[in-house]
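Written out below as structure tokens is the structure these notes cover.
Throughout, read-outs are computed from the coordinates displayed, never taken from laboratory work. All values derive from a computational prediction rather than experimental measurement. As a convention, Cβ positions derive from the backbone with ideal geometry for all residues, glycine included, and neighbour counts pool all protein chains shown.
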Amino acid sequence: MMTWKTLMSPDSASPLMEQLTFLHDHALMILLMITVLVGYLMASLFVNKFNYRYLLEGQTIEMIWTILPAVILIFIALPSLRLLYLLDEVNNPLVTVKTIGHQWYWSYEYTDFANIEFDSYMIPSNEMEDYHFRLLDVDNRIAVPYNSQIRMIVTAADVLHSWTIPTLGVKIDATPGRLNQISFLLNRTGIFFGQCSEICGANHSFMPIVMESISPECFISWIYNMSEI
Amino acid sequence: MAGRLLALSARSIKARPVPLGAAGAHSNPALDATRAMIGNREIVGYGMNGQPHYYDRSDIPLPAIRWKEATADIKCLREKEKGDWRQLSMEEKKALYRASFKLTYSEFKAPTGEWKQIVGASLMLVSVALWFYMAVRVVTRVPLPDSFSEEKQQAQLRRILDLHVNPITGLSSQWDYEKDDWKK
């Protein structure tokens, strides 16, 4: 989640998000260099004494400032395309979690082992404890084992929603009548937050997503406890 | 200034540039119009665009017409100018210059301080905009939610650190878990 001191993206909890962060940093560095160059050129226009009224053309410099941006774009495009295909890699998930977006809560189903279903509502501001994060905490979190590939199948019951957790680099639309699938792996324990990312009505800002990443043993006992409810 | 340029260009479109100074060509309406505009001043060259206008510019130095009409004194000096220039005194040189030109280079290139007016006016307008913004913010102020109180923010921060949120380069990376305090 975003905290104080977070200027850009939060720290990643998944290898793919790490790669996204690196690509972002790489592209941003290139952009920064271009901006500094252009800023310097514009500033020097104010203070230099060059003038030449009969300028008509300069073929060499035209060649340079046409070829050079193409080269820069290649430096951005190659890592970007690599990551694009990496994100679509096929893998073998261990656990499948299904989520259905409703107006205005998420419901989750674990049907691999036992028939576990539950709803996840935001904790309202008047029922919050001191330590709860406003608009982010929910009553029932999704638990997943870490270092395991997780498959997420997302759909909606009524209108479009979008299921996302920024620290995992995951955002996937929940479309009614359609099953969208995404796969990810968490490489550290913790609690990760996200918020519905497709306008879905009055309480679109008040249906967050909270995922708790726990050890496989804890996950098994959690499944056992939930299946008895 | 834009209006003045427009009027000038309209005048030059109307009065076609004809070679002036042709002897006895007073039946020429274009010549009459030009003489009405510049009086008796001598036309001495092409200038900026062939039009008989006076200007002071450093990048196109020689204007098309003299600044002042020729008087008898000046005509005398012009004859003397055709000889050795070392015979001219400083006042005579200055008189000849001022007859042909309105300002010297240092006079017309001198800073006008116009930038101060422009910057001042712009800053005043920006401050008016800022006052409007502040007024809107004051009028539409709503109280902050409960979770912004000091104790609740402390409780939330404690929970953020306990959860190791952003442990790599973010907030929790600045917390020393052994000493239970911020890293020094």
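Can you count the Lys pairs in chain B with C-alpha separation below 28 Å, eight or more apart or on different chains?
25
Find which of B:VAL142, B:GLN154, B:LEU123 sits farthest along the positive direction of the dipole of the protein assembly as shown, computed with +1 on the beta-carbon of Lys and Arg, -1 on that of Asp and Glu, about the Cα centre.
B:LEU123
Taking +1 at the Cβ of each Lys and Arg and -1 at the Cβ of each Asp and Glu, which of A:PHE46, A:ILE182, A:ALA202 sits farthest along the dipole of the protein assembly as shown towards its positive end, judged by Cα position relative to the Cα centre?
A:PHE46
Taking H placed 1.01 Å from N in the peptide plane, check which residues at least 5 places from A:ASN140 or on another chain put their amide H under 5 Å from its amide H.
The answer is A:TYR121.
With +1 on the Cβ of every Lys and Arg and -1 on the Cβ of every Asp and Glu, and nothing else charged, how large is the dipole of chain A about its Cα centre, in debye rounded to the nearest 20?
About 1020 debye.
Over the whole of B:76-82, what's the average partner chain Cβ count within 10 Å per residue? Rounded to a whole number, please.
Averaged over the peptide's residues, the number is 0.
How much length is gained if the chain between B:ALA33 and B:ALA70 is pulled fully straight, taking 0.36 nm per residue apart and subtracting their Cα-Cα distance, in nm to one decimal?
11.4 nm
At 4 °C and a viscosity of 1.567 mPa s, what translational diffusion coefficient does Stokes-Einstein give for segment A:94-229, taking Rh as the Kirkwood radius over Cα pairs? Give it in µm²/s as a whole number.
Rounded to a whole number, D works out at 86 µm²/s.
Give, rounded to the nearest 20 debye, the magnitude of the charge dipole that segment A:145-229 has about its Cα centre when Lys and Arg contribute +1 at Cβ and Asp and Glu contribute -1 at Cβ.
For segment A:145-229, the charge dipole is close to 220 debye.
Take the Cα gyration tensor of chain B, multiply each eigenvalue by 5, square-root it, and list the three semi-axes largest first, rounded to whole angstrom.
The answer is 77, 24, 16 Å, longest axis first.
Normalised by the number of residues in segment A:95-228, what is the relative contact order in percent for Cα pairs under 8 Å and 6+ residues apart?
28
With contacts defined as alpha carbon pairs under 8 Å and 6 or more residues apart, what's the relative contact order of segment B:30-109 in percent?
28
Per residue of segment A:216-228, what does 6.51 cos²θ - 1.76 cosθ + 1.60 with θ = phi - 60° give for ³J(HN,Hα)? Whole Hz please, x for Gly and Pro, Karplus curve as stated.
Computed from phi, the couplings for segment A:216-228 are x, 5, 4, 5, 5, 5, 4, 4, 4, 5, 5, 6, 8 Hz.
So what J values fall out for segment B:66-75 if you push phi through Karplus, 6.51 cos²θ - 1.76 cosθ + 1.60 with θ = phi - 60°, rounded to Hz, Gly and Pro as x?
These are the phi-based 3J(HN,Hα) values: 6, 7, 10, 6, 6, 9, 4, 4, 5, 5 Hz.
Check cross-link reach from A:LYS171 to the lysines: straight Cα distance under 28 Å, and skip same-chain residues fewer than eight apart.
Filter leaves A:LYS5, A:LYS98.
Do the sum for chain A: with -39,500 (n - 2.57) for every DSSP H run of n ≥ 4, divided by all residues, what is the mean residue ellipticity at 222 nm, to the nearest 500 deg cm²/dmol?
Taking each H run of at least 4 residues, the total per residue is -11500 deg cm²/dmol.
With charges set only on the Cβ (+1 for Lys and Arg, -1 for Asp and Glu), what does the dipole of chain B come to about its Cα centre, in debye to the nearest 20?
With only Lys, Arg, Asp and Glu charged at Cβ, the dipole is about 1000 debye.
Can you list, bin by bin at 10 Å, the percent of alpha carbon pairs in segment B:30-109, starting at 0?
17, 44, 33, 6, 0
Where in segment A:116-184 are there trypsin sites (Lys or Arg not before Pro) that are in a DSSP coil and have at most 11 other Cβ atoms within 10 angstrom of their Cβ?
A:ARG178
Would you compute, from DSSP H runs of 4+ residues alone, the mean residue ellipticity of chain B at 222 nm, taking -39500 (n - 2.57) per run and dividing by the full residue count, rounded to the nearest 500?
Roughly -15000 deg cm²/dmol at 222 nm, from the helical runs in chain B.
Which shape class applies to segment A:1-89: rounded if a/c is under 1.5, otherwise prolate when a/b exceeds b/c and oblate if not, where a ≥ b ≥ c are the square roots of the Cα gyration tensor eigenvalues?
Oblate is the answer for segment A:1-89, as a/c is 1.5 or above yet b/c matches or exceeds a/b.
Let me check against my output: what whole-number percent is the relative contact order of chain B, with C-alpha pairs under 8 Å and at least 6 apart?
Computed value for chain B: 11 percent relative contact order.
Pick from B:VAL142, B:VAL126, B:VAL44: which residue has the top mean-square fluctuation in a GNM of chain B where Cα pairs under 10 Å get a spring?
Looking only at B:VAL142, B:VAL126, B:VAL44, the largest GNM fluctuation is found for B:VAL142.
Which semi-axis lengths, in whole Å and largest first, follow from the square roots of five times the eigenvalues of the Cα gyration tensor of chain A?
Calculated on Cα positions only, the semi-axes equal 47, 20, 17 Å.
Cut-off is 10 Å between beta-carbons; in what order do A:TYR54, A:TYR105, B:TYR177, A:TYR131 appear when sorted fewest neighbours first?
Sorted ascending by nearby Cβ count, the order is A:TYR54, B:TYR177, A:TYR131, A:TYR105.
Just counting partner chain Cβ atoms within 10 Å, what average do the residues of peptide A:131-138 show around their Cβ?
4
Bins of 10 Å, beginning at zero and ending with the bin holding the largest distance: percent of Cα pairs per bin for the protein assembly as shown, please.
4, 13, 16, 14, 11, 9, 8, 8, 8, 6, 2, 1, 0
I'd like the mean, over residues of B:160-173, of how many other protein chain beta carbons sit within 10 Å of each residue's own Cβ.
Partner-chain Cβ atoms within 10 Å, mean over residues of B:160-173: 6.
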